[in-house]
Amino acid sequence: MARVKDIVSLLNNVAPETNVLKDEYDNVGLLVGRADAEVKRVLCCLDATEEVISEAGELGVQLIVAHHPMIYAPVKSVTDNDVTGRKILAAIERGIAVYAAHTNLDFSGGGINDFTAQLLGLLDVSVMQPYISDHEGLGRVGNLSGKMYAAVLKGQVENLFKDKYVRIIGEPYEYVSRVAIINGGGGGRYALRRAGKRQRPRRRGRRASR
């Protein structure tokens, strides 16, 4: 029978907790539960909300693997007077462990940034800000197979991610040939400056015309 620590070990093989430079506010890893607890069923989600924890209990789940951490700030008390306290209590009462794979999954090679770049068909993909290696770090930058209007790229993103709320900031009919991907908080000026720099390609592929 698998245990929580076995699943955590598998997750660390894909996205090591210690192999990325975590932001101060981030909190990845096993947040609630016993490492030796047995696991028969796992539920994966974006956020471990109260509703998700309730559903996990109904489905007989022993481990929730969430992307966003359920606990960000230091917890001074665990009561039902606030959302975080209620979620912690609900998970413990139902015998459910909660694991968060956040920036470690965003930044790791083969993680969310790389998967997004693959879906978009980007070429000559490189890491925007490498941390541990050339293949791990903040964001990805790559070339489209050809120039297209920003509005056309917006439509492709909407279809790929089934998201009708994609927005354009800027001119919809300007040509786009190079794309930056930043899962997480990529709005800082430093990240945007890095996105604008051309970097040496680290993957083979036909360079797009500009």
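The values are calculated or read from the model by the stated rules, or taken from the named source; none is laboratory data. The model shown is predicted, which means the values in this text are computed figures rather than measured ones. Reconstructed Cβ throughout: ideal geometry from the backbone, glycine too, with neighbour counts over all protein chains shown. To get the accessible areas, we keep the full protein, side chains included, count just its heavy atoms, and leave off ligands, DNA and RNA. Shrake-Rupley method; radii C 1.70, N 1.55, O 1.52, S 1.80 Å.
If you check Lys76, Lys147, Lys164 for being assigned to a loop (DSSP other than H, G, I, E, B) and more than 22 Å from the chain's Cα centre (by Cα), only one passes: Lys76. When the residues of region 75-94 are narrowed to those that are open to solvent by 50 Å² or more (accessible area, probe 1.4 Å) and within 21 Å of Val8 (Cβ to Cβ), which ends up modelled with the lowest pLDDT? Within region 75-94, the match that is modelled with the lowest pLDDT is Val75. Each residue in region 12-56 was checked for being modelled with pLDDT of 95 or more and either open to solvent by 50 Å² or more (accessible area, probe 1.4 Å) or not in a strand (DSSP E or B) (or both), and 22 of them qualify.
State yes or no: is Ile112 of a type in the set (Val, Ile, Thr) and under 28 Å from Glu136 (Cβ atoms)? Break it down into steps so the answer makes sense when it comes.
Numbers: of a type in the set (Val, Ile, Thr): yes; under 28 Å from Glu136 (Cβ atoms): yes.
In short, yes.
One residue stands out in region 148-183 among those that are of a type in the set (Asp, Glu) and touching a residue at least 12 places away in the same chain (Cβ under 8 Å): the one that is farthest from Leu119 (Cα to Cα), namely Glu171. Against the numbered list (1) more than 30 Å from Lys147 (Cα to Cα); (2) outside any helix (DSSP H, G or I), Gly121 comes up short only at (1). Scanning region 131-180 for residues that are open to solvent by less than 60 Å² (accessible area, probe 1.4 Å), of a type outside the set (A, V, I, L, M) and more than 29 Å from Val14 (Cα to Cα) yields Gly146, Lys154, Gly155, Gly170, Pro172, Ser177.
I'd like to check something: does region 126-142 contain any residue that is closer than 26 Å to Leu43 by Cα and outside any loop (DSSP other than H, G, I, E, B)? Before the answer, list the steps.
Within region 126-142, the first condition is being closer than 26 Å to Leu43 by Cα, and the residues that meet it are none.
No, that holds for no residue.
In region 57-68, the residue that is most open to solvent (accessible area, probe 1.4 Å) out of those that are assigned to a loop (DSSP other than H, G, I, E, B) and more than 14 Å from Gly33 (Cα to Cα) is Leu59. For first residues located in region 113-130 and more than 23 Å from Glu158 (Cα to Cα) and open to solvent by 30 Å² or more (accessible area, probe 1.4 Å), partners that are hydrophobic (A, V, I, L, M, F, W, C) and part of a strand (DSSP E or B) and lie 6+ apart or on another chain with Cβ distances below 6 Å form the pairs Gln129/Leu138.
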